[in-house]
Amino acid sequence: MIEDFLLRYNYVVFALLLGIGLYIVIDDENLVKKVIGLNIFQTGIFLFFITVAVQDGGSPAVTHSGEGTFVNPLPHVLILTAIVVGVSLTALALALVVRIHEEYGSIREDVVVEVLERD
């Protein structure tokens with residue numbers, strides 16, 4: 001059982017990253033920490049896609065001669081694209097947090113909701 005766990009540790013790390021990211025997004029009132037939680041969650045998804053795409057003993061598709069197994073490059077390319085999109089969304093989210101701080105004077109979700117309810 002320990003050998004199976006050691007061979008599949010990346011699935012455990014994937015589940016931990018998803019859990020930690022989701023917990024931060026749900027539990028924390030700080031908007032910056034919520035953005036960080038979304039990034040942690042996103043990293044778990046990236047790890048999962050890369051883990052599923054790996055094949056033991058597979059050769060790259062470019063040098064594949066037609067026999068045996070090869071590694072599909074599509075998930076890796078999709079993850080590279082997702083990383084670029086994730087960085088852009090993180091920059092946009094942090095810009096929105098800065099704008100919220102300028103408008104409401106806080107980056108805590110409960111304070112912003114309280115200010116909105118008073119107006």
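Within the group Ala82, Ala53, Ala15, which residue is small (Gly, Ala, Ser) and in contact (Cβ under 8 Å) with a residue 40 or more places away in the chain?
Ala82
Would you pick out the residues in the range 1-58 that are under 16 Å from Arg108 (Cα atoms) and small (Gly, Ala, Ser)? Within the range 1-58, just Gly37 meets the criteria.
Checking the stated criteria, Val97 turns out not to satisfy the condition of being touching an Asp or Glu at 6+ places or on another chain (Cβ under 9 Å), closer than 18 Å to Asp28 by Cβ and surrounded by 14 or more Cβ atoms within 10 Å (Cβ to Cβ).
Taking the range 50-101, which residues are in a helix (DSSP H, G or I) and more than 23 Å from Asn39 (Cβ to Cβ)? Correct list: Leu74 only. Picking from residues in the range 1-38 that are farther than 30 Å from Glu102 by Cβ and not in a helix (DSSP H, G or I), the one that is nearest to the chain's Cα centre (by Cα) is Arg8. Got at least one residue in the range 25-38 being basic (Lys, Arg), open to solvent by less than 80 Å² (accessible area, probe 1.4 Å) and either in contact with a helix residue (DSSP H, G or I) (Cβ under 7 Å, 6 or more places away or on another chain) or touching a residue at least 40 places away in the same chain (Cβ under 8 Å) (or both)? Yes, some residue in the range 25-38 is basic (Lys, Arg), open to solvent by less than 80 Å² (accessible area, probe 1.4 Å) and either in contact with a helix residue (DSSP H, G or I) (Cβ under 7 Å, 6 or more places away or on another chain) or touching a residue at least 40 places away in the same chain (Cβ under 8 Å) (or both). If I filter the range 39-49 for residues that are aromatic (Phe, Trp, Tyr), at pLDDT 90 or above and open to solvent by less than 50 Å² (accessible area, probe 1.4 Å), do I get at least one hit? Yes, some residue in the range 39-49 is aromatic (Phe, Trp, Tyr), at pLDDT 90 or above and open to solvent by less than 50 Å² (accessible area, probe 1.4 Å).
The values are calculated or read from the model by the stated rules, or taken from the named source; none is laboratory data. These figures come from a predicted structure and were not determined experimentally. All Cβ positions, even for glycine, are placed from backbone atoms using ideal geometry, and neighbour counts span all protein chains on display. Areas reflect the complete protein model, heavy atoms only, side chains present, ligands, DNA and RNA absent. Shrake-Rupley method; radii C 1.70, N 1.55, O 1.52, S 1.80 Å.
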